[in-house]
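Below is one structure, written out as structure tokens; the observations come after it.
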There are 2 protein chains.
Amino acid sequence: MTEKQQELGTLHLIPVGLSEAGIDNWLPAAAQQQASGLTHYVAENAKTARAFLKLLALARPIQDIDIQTLPAKPDQARLEQCLAPLFAGHDLGLVSEAGCPAVADPGSALVALAHRAGARVHPWVGPSSIMLGLMASGLDGQRFAFHGYAPVKPADRARQLKQWEQLSARLSQTQILIETPYRNDAMFETLAQTLAPQTRLCLARALTGPEQWVATRTVQQWRKAPTPKLSGLPTLFLFQA
Amino acid sequence: MTEKQQELGTLHLIPVGLSEAGIDNWLPAAAQQQASGLTHYVAENAKTARAFLKLLALARPIQDIDIQTLPAKPDQARLEQCLAPLFAGHDLGLVSEAGCPAVADPGSALVALAHRAGARVHPWVGPSSIMLGLMASGLDGQRFAFHGYAPVKPADRARQLKQWEQLSARLSQTQILIETPYRNDAMFETLAQTLAPQTRLCLARALTGPEQWVATRTVQQWRKAPTPKLSGLPTLFLFQA
């Protein structure tokens, strides 16, 4: 190391797959190439990060790639430790368990710290269930809100869904939420019981995977339709009043 | 045509580039292959659709590809006309001027009609400035709202921005908006003057292009920083109170 100030590396935000579909379905070649050459990673889960790396034509043996794990609620000291390779001048990759890092999952605190340190942050194109579901829903994509999870307690949940429905009507805003896959059936039932008959509801199931299925109907129509198979399959719920 | 009922084609939602960057930077190989084989397209703008098609290894001469133009506010008859190839059993591609079709641009009415007709709708992975900007911002990606454009009149605009800022504080929700590129400087100035000093503001400029630049600072810091060069360059504005 010379006395010349060490330059910071770039933080590369690398999306990973939503399903078992082949990588050429969901990651552009340039993103694959960037990801395959990185020597340092921060991952939500080191095991899924290694599964992702194995899909790439790696520039070195996988055991030579440094993978730090990002806890769900990291403190400042842990975040700085994760960014240490960046501060030492290495490019660093951030990957989540599925989809785009720092969207609907932890990681944004790490990105924020990289900005404060003055590092360059480079987002790469890849799969986002929110974007794929919204595109395919036929609901208004000019204004939308993603809420993450609804409350779990039935009364709170119904109240929250009604509030989002009112917001949707008032702002012409599509409402988007997710659920833990084993609770999808209960969520569908609550939506079908709680929302107004004319509200349009879209189910976007298993996006990019072999069980992908996207359907949009009014709540009234859903009440009469056969119960969709959602349990255990990642599903995005979208509605517009 | 036999008496057997003609099957419907699939509506493929094909994202297009946000910049002049090479297509391997922003479109996965499988999406390129799907797009290169389609015989029928609906486009927001036929000229930019042809420019996109020229980036692909097309299966046939470009003049043999049928491209229908989707008006900004199409009526039912025009939408049905656009979907005619789908009803006749052909797969059909939908492309917008930039980014993901039916998100922050017209197209959702066409997708909705395809759903009502019972056609399969397949969204492909590609660039979305909203998703790239959100990932790279370091702001909260667990809850966010995309609003499209703010009002143009200064008083309305300031009032609306303050409302979104209150919403952001109340719901821990990142707020996202766009502006017509030649008005970006005015939008930045209004944001810097209107929002609270501690609100974090991210500018995500020219995503995927050579002038890409993403920076996140508090409003207080932006007020003291050199004025960013935004005019004429597509920019996403994101903030979190």
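The values are calculated or read from the model by the stated rules, or taken from the named source; none is laboratory data. All values reported here derive from a predicted model rather than from experimental measurement. Reconstructed Cβ throughout: ideal geometry from the backbone, glycine too, with neighbour counts over all protein chains shown.
Structure summary
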quantity: Where A:G89 falls short, out of the listed (1) modelled with pLDDT under 95; (2) of a type outside the set (A, V, I, L, M); (3) at positive phi; calculated: (1)
quantity: Criterion (small (G, A, S), closer than 19 Å to B:G107 by Cα and outside any helix (DSSP H, G or I)) met by exactly one of B:A72, B:A49; calculated: B:A72
quantity: Hey, A:G118 buried (at least 23 other Cβ atoms within 10 Å of the Cβ), at pLDDT below 95 and more than 7 Å from every other protein chain (Cβ to nearest Cβ) or not; calculated: no
quantity: From A:A35, A:A57, residue being surrounded by fewer than 21 Cβ atoms within 10 Å (Cβ to Cβ), more than 21 Å from B:L139 (Cα to Cα) and among the aliphatic types (A, V, I, L, M); calculated: A:A57
quantity: Count - residues of the stretch B:76-110 that are under 25 Å from B:T235 (Cβ atoms), in a strand (DSSP E or B) and away from chain A (no Cβ under 12 Å); calculated: 0
quantity: Odd one out for B:A158 among (1) more than 14 Å from chain A (Cβ to nearest Cβ); (2) closer than 27 Å to B:G22 by Cβ; (3) out of contact with any strand residue (DSSP E or B) (no Cβ under 8 Å at 6 or more places or on another chain); calculated: (2)
quantity: Test set (1) under 22 Å from B:V214 (Cβ atoms); (2) surrounded by fewer than 21 Cβ atoms within 10 Å (Cβ to Cβ) - A:Q68 fails condition number; calculated: (1)
quantity: Qualifying residue in the stretch B:126-148 (condition: without any contact (Cβ under 8 Å) to a residue 12 or more places away in the chain, in contact with a helix residue (DSSP H, G or I) (Cβ under 6 Å, 6 or more places away or on another chain) and under 29 Å from B:L94 (Cα atoms)); calculated: yes
quantity: So A:L113, is it within 14 Å of chain B (Cβ to nearest Cβ), in a helix (DSSP H, G or I) and surrounded by fewer than 24 Cβ atoms within 10 Å (Cβ to Cβ); calculated: yes
quantity: Out of B:R170, B:R223, B:R217, sole residue that is closer than 28 Å to B:L18 by Cα and either of a type in the set (D, E, K, R) or free of Cβ contacts under 8 Å to residues at least 40 places away in the same chain (or both); calculated: B:R217
quantity: In the stretch A:138-153, the residues that are more than 7 Å from every other protein chain (Cβ to nearest Cβ) and either within 16 Å of B:S96 (Cβ to Cβ) or among the hydroxyl-bearing types (S, T, Y) (or both); calculated: A:Y149
quantity: Subset of the stretch B:116-131 that is assigned to a helix (DSSP H, G or I) and of a type in the set (A, V, I, L, M, F, W, C) - its residue that is nearest to the chain's Cα centre (by Cα); calculated: B:I130
quantity: Boolean, B:L134 is closer than 22 Å to B:P15 by Cα and either of a type outside the set (D, E) or not in a strand (DSSP E or B) (or both); calculated: yes
quantity: Options A:I23, A:I67; residue that is within 14 Å of another protein chain (Cβ to nearest Cβ) and either among the β-branched types (V, I, T) or farther than 20 Å from B:I23 by Cα (or both); calculated: A:I23
quantity: Unmet requirement for A:E179, which otherwise passes all of (1) within 14 Å of chain B (Cβ to nearest Cβ); (2) at pLDDT 95 or above; calculated: (1)
quantity: Number of positions in the stretch B:204-234 that are within 11 Å of chain A (Cβ to nearest Cβ) and within 19 Å of B:L134 (Cβ to Cβ); calculated: 10
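Conditions (1) of a type in the set (S, T, N, Q); (2) modelled with pLDDT under 95; (3) over 29 Å from B:D105 (Cβ atoms), marked per residue:
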{"position": "A:G138", "(1), (2), (3)": "no, no, no"}
{"position": "A:A150", "(1), (2), (3)": "no, no, no"}
{"position": "A:W164", "(1), (2), (3)": "no, no, no"}
{"position": "A:L171", "(1), (2), (3)": "no, yes, no"}
{"position": "A:T174", "(1), (2), (3)": "yes, no, no"}
{"position": "A:Q198", "(1), (2), (3)": "yes, no, no"}
{"position": "A:C202", "(1), (2), (3)": "no, no, no"}
{"position": "A:V214", "(1), (2), (3)": "no, no, no"}
{"position": "A:T218", "(1), (2), (3)": "yes, no, no"}
